[in-house]
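Pasting in a structure now, in structure tokens, and then I'll have a few things to ask.
The values are calculated or read from the model by the stated rules, or taken from the named source; none is laboratory data. Everything numeric here is computed off the predicted structure, so don't read it as measured data. Note that we place each Cβ from the backbone using ideal geometry, even for glycine, and neighbour counts take in every protein chain shown. Areas reflect the complete protein model, heavy atoms only, side chains present, ligands, DNA and RNA absent. Shrake-Rupley method; radii C 1.70, N 1.55, O 1.52, S 1.80 Å.
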Amino acid sequence: QVQLVESGGGLVQPGGTLRLSCTFSGSSFRIYVMGWYRQAPGKQRELVAAITSSGRTDYADSVKGRFTCSRDNAKNTVDLQMNSLKPEDTAVYYCRAHGALGAYWGQGTQVTVSS
């Protein structure tokens, strides 16, 4: 059974930084594509960033150049470094693991960007 636990959310001022971390519990972390999604109030959940087992990344246009996704296959973790945060980045951020064995979500962590 796969479990994902996010951490690192909080309140930050515009222009600030946050680093989210997702810890994967279970087996075969390496085979999963890991992703970060977010959902703002009244909006659909959207993909923010994804990273393959080999480290290839993909980003939503809205975060390119500001967010960086990385993974540590030895520690079973995936991080999202968020720089130059904007109020429109405010959302609940979710970690997702997707692969041939299934898809799993974390419980989410709140990120609020406000002065």
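Over the range 1-72, give the accessible area per residue in Å² for a 1.4 Å probe, as an integer. Mind dumping the intermediate values first?
Numbers: 4010 Å² over 72 residues.
So the range 1-72 comes to 56 Å² accessible per residue, rounded to a whole number.
A follow-up question, please. Any chance you could run the full-extension gain for residue 88 through residue 114? It's 0.36 nm times the residue separation minus the Cα-Cα distance, nm to one decimal.
On the way: separation 26, 0.36 × 26 = 9.36 nm, distance 0.94 nm.
Computed gain between residue 88 and residue 114 is 8.4 nm.
At q = 0.13, 0.14 Å⁻¹, what base-10 log of I(q)/I(0) does the Debye formula yield for the chain when every alpha carbon is treated as an equal point scatterer in vacuo?
Ignoring solvent entirely, the Cα scatterers give -0.44, -0.51.
At 1.4 Å probe size, with the rest of the protein present, what percent of the exposed accessible area of the chain is carbon and sulfur atoms? Show your work: numbers first, answer last.
Working: 2800 of 6020 Å².
It is 46 percent, rounded to a whole number.
Label residue 45 and residue 72 with points 7 Å out from Cα along Cα→Cβ: what is the distance between them in nm?
Between residue 45 and residue 72, the label points sit 2.6 nm apart.
Then there's this: Determine the dipole magnitude for the chain: charges of +1 sit on the beta-carbon of Lys and Arg, -1 on that of Asp and Glu, nothing else is charged, the reference point is the Cα centre, and the result goes in debye to the nearest 20.
Values: 12 positive and 8 negative charges, 24 e Å.
Computed about the Cα centre, the dipole is about 120 debye.
Contour minus end-to-end for residue 101 and residue 17, with contour as 0.36 nm per residue of separation and end-to-end as the Cα-Cα distance? Don't skip to the end; give the middle numbers.
Details: separation 84, 0.36 × 84 = 30.24 nm, distance 3.39 nm.
Stretched fully, the residue 101-residue 17 segment lengthens by 26.8 nm.
For the range 15-47, list residues with backbone N below 16 Å from a point placed 7 Å from the Cα of residue 62 toward its Cβ?
Under cut-off, by backbone N: 15, 36-47.
Sort largest first and round to whole Å: the equivalent ellipsoid semi-axes of the range 57-99, each the square root of five times a Cα gyration tensor eigenvalue.
Working: eigenvalues 86, 27, 22 Å².
Whole-Å semi-axes of the equivalent ellipsoid: 21, 12, 10.
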